[in-house]
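Heads up, the thing below is written out as structure tokens.
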Amino acid sequence: GISPVHFEPTLDAPNRVPQARFPFPIDAVHTYVILGCRHGLMLIFLWRRNQLLVWDPITGDRHHLDVPPGFDNEETMISGAVLRAAGVPHRFQVVLVGNSGIHHSQAVASVYSSDTGVWSNLVSTLLPANDPDVLTMVYHDMCSVMVGNSLYWFLIGNFCGILEFNLDRQSLSVIHVPVDVDVNTCSITVIRAEGGGLGFLFLSDYCVQAWKWKTDCDGVASWVLERTVALDKLLSMNSEEGSQSPRILGFAEDNNVVLLWTFIGVFKVQFESLQFKKLLESYRFYCWFHYYPFEGVYTAGKSKPSHSIFLYYYCRVMWFNSMDVSRDFFFVAGLLTYLRISL
């Protein structure tokens, strides 16, 4: 079938590459969800097959993994993350998280290693809840974010918070967020905080709050408000002209930048330095699109391949340089329908 994902380069020559450079590996007849990108790999959930696909767009390598037992796939949907160490391109790990297939009030996780070819035993943690009739689950509008040696997802439903998977301890835990979050009226993302460590970005209307998870001298951890930014002033917007408030679209870990939709355009913003750059003109219906930061690191001294942004249907595929000339990223964007793409 015809691929629903299109690659559209946005760099000028000689860095511009043909649209066919990275053909999407899934035919249009399949139902799938992109779970995220990291370290030059993309993780895709093949809905009907109950499989995961790990794809390297640069080399074209593909690895199909069966989803291990123990995850609920009826009332909730799994999420996950892919990662690999620098310098070992053929070795990778996949961390799968979701609600337990037995006890929906528990989050479970398992790790796949390409070295062994098997999934680890499930680990679990109880999800806080006040109403047993409302499920708490991973929020699929925010992909996993890696800070240090932990992966983070946002939780919504009965409880809004952060789900942490510690790669060293192979354990799950839940962290409360410092503000009340309604994902219908505000937007959020986990970030790497100023100076390192876990951070949390909260955007409501045109006000951005940057929080940091800090531990005091007694070993007690809590959130501390590090910075408040008036987005309309930073980006020189007249808030009275916009019919829709800005939204956070994604976070690029290696470059530490946030992708923002506004009525005057799509921007990348570095909230430590408050540097920003306009990347795209705005689409009126931003909610049709989902953006996935795809970042790659290349050996210094070698010519850099140029990339862009993927998009399925009306999406754009863009590619950007970071300040570090050896590190580049592009955003993958797609049209989502109720947490999955139904084709």
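Per-structure values
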| read-out | value |
| --- | --- |
| Of all residues in the range 227-248 being free of Cβ contacts under 8 Å to residues at least 60 places away in the same chain and part of a strand (DSSP E or B), the one that is least open to solvent (accessible area, probe 1.4 Å) | V229 |
| Test: F154 is without any contact (Cβ under 8 Å) to a residue 40 or more places away in the chain and touching a Gly at 6+ places or on another chain (Cβ under 9 Å) | yes |
| Looking only at the range 156-176, and only at residues there that are among the hydrophobic types (A, V, I, L, M, F, W, C) and modelled with pLDDT under 95, the one that is farthest from the chain's Cα centre (by Cα) | F159 |
| Among residues of the range 107-145, those that are open to solvent by less than 70 Å² (accessible area, probe 1.4 Å), without any contact (Cβ under 8 Å) to a residue 40 or more places away in the chain and aliphatic (A, V, I, L, M), counted | 2 |
| Residues (in a strand (DSSP E or B) and either free of Cβ contacts under 8 Å to residues at least 24 places away in the same chain or open to solvent by 60 Å² or more (accessible area, probe 1.4 Å) (or both)) located in the range 211-221 | K212, W213, K214, T215, A221 |
| Selected residue [farther than 29 Å from F202 by Cα, in contact (Cβ under 8 Å) with a residue 12 or more places away in the chain and in a strand (DSSP E or B)] from H63, H90 | H63 |
| Candidate set: the range 43-85, residues that are touching a His at 6+ places or on another chain (Cβ under 9 Å) and among the small types (G, A, S); chosen: the one surrounded by the most Cβ atoms within 10 Å (Cβ to Cβ) | S79 |
| Residue identified as under 20 Å from L201 (Cβ atoms), open to solvent by less than 40 Å² (accessible area, probe 1.4 Å) and modelled with pLDDT under 50 among F251, F329, F289, F271 | F329 |
| Qualifying residue in the range 187-196 (condition: at pLDDT below 95, under 20 Å from G250 (Cα atoms) and surrounded by fewer than 17 Cβ atoms within 10 Å (Cβ to Cβ)) | yes |
| Unique match (being within 23 Å of L83 (Cβ to Cβ) and modelled with pLDDT under 65) among V17, V5 | V5 |
| Odd one out for G101 among (1) in contact with an Asp or Glu (Cβ under 6 Å, 6 or more places away or on another chain); (2) at pLDDT below 90 | (2) |
| Hey, S273 hydroxyl-bearing (S, T, Y) and over 29 Å from G40 (Cβ atoms) or not | no |
| Residue that is nearest to E253 (Cα to Cα) [pool: residues in the range 122-148 that are among the polar types (S, T, N, Q) and touching a strand residue (DSSP E or B) at 6+ places or on another chain (Cβ under 7 Å)] | S144 |
| Breaking point among (1) surrounded by fewer than 18 Cβ atoms within 10 Å (Cβ to Cβ); (2) farther than 29 Å from T59 by Cα, for N149 | (2) |
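The values are calculated or read from the model by the stated rules, or taken from the named source; none is laboratory data. Keep in mind the model is a prediction, meaning the values are calculated, not measured. As a convention, Cβ positions derive from the backbone with ideal geometry for all residues, glycine included, and neighbour counts pool all protein chains shown. Accessible surface areas use protein heavy atoms only, side chains included; no ligands, DNA or RNA. Shrake-Rupley method; radii C 1.70, N 1.55, O 1.52, S 1.80 Å.
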